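Heads up: the structure comes next, in structure tokens.
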Amino acid sequence: MEGDTLMHNNNISPDYYKKGKIEVTDFIIDQQLSFIEGNIIKYVTRYKDKSGIQDLRKCRWYIDKLIETQMDIKLLEEDR
């Protein structure tokens with residue numbers, strides 16, 4: 001089955017996502033995280049093994065975006 005082959009392909013699921021007892025994507029799904037939250041988790045967990053500071057900068061970008069969206073939501077709720 002093609003889906004099974006993709007799951008075993010290291011390009012889809014590289015080793016830096018498999019450290020510990022749970023794969024990063026499984027944690028993101030289990031916790032029902034949003035796209036932005038999932039990317040924060042992804043970049044912060046892989047930075048030591050992949051792109052270092054570049055991944056931390058990407059993580060910071062997503063954190064800033066999450067803060068921005070939460071502030072927008074709070075403003076909308078206050079306007080009600």
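Under the Karplus relation 6.51 cos²θ - 1.76 cosθ + 1.60, θ = phi - 60°, what is the ordered set of whole-Hz ³J(HN,Hα) values for segment 36-45, x standing for Gly and Pro?
Here the 3J(HN,Hα) series is 5, 4, x, 5, 4, 4, 4, 5, 6, 7 Hz.
Going Cα to Cα from residue 19, which lysines come in below 29 Å? Please leave out same-chain ones fewer than 8 positions away.
Within the straight-line cut-off, residue 19 pairs with 42, 48, 50, 58, 65.
What list of ³J(HN,Hα) couplings, whole Hz, do you get for segment 56-62 from phi and the Karplus terms 6.51, -1.76, 1.60, once you set θ to phi - 60° and write x for glycine and proline?
With the stated coefficients, segment 56-62 comes to 5, 5, 5, 4, 4, 4, 5 Hz.
Using Cα pairs under 8 angstrom and six or more residues apart, how large is the relative contact order of segment 36-80, in percent?
Numbers: 27 pairs, mean separation 18.1, N = 45.
Relative contact order for segment 36-80 comes out at 40 percent.
Just so you know, all these numbers are worked out from the coordinates, no wet-lab data involved. Here the structure is a predicted model, which is why all the values come from computation and not from measurement.
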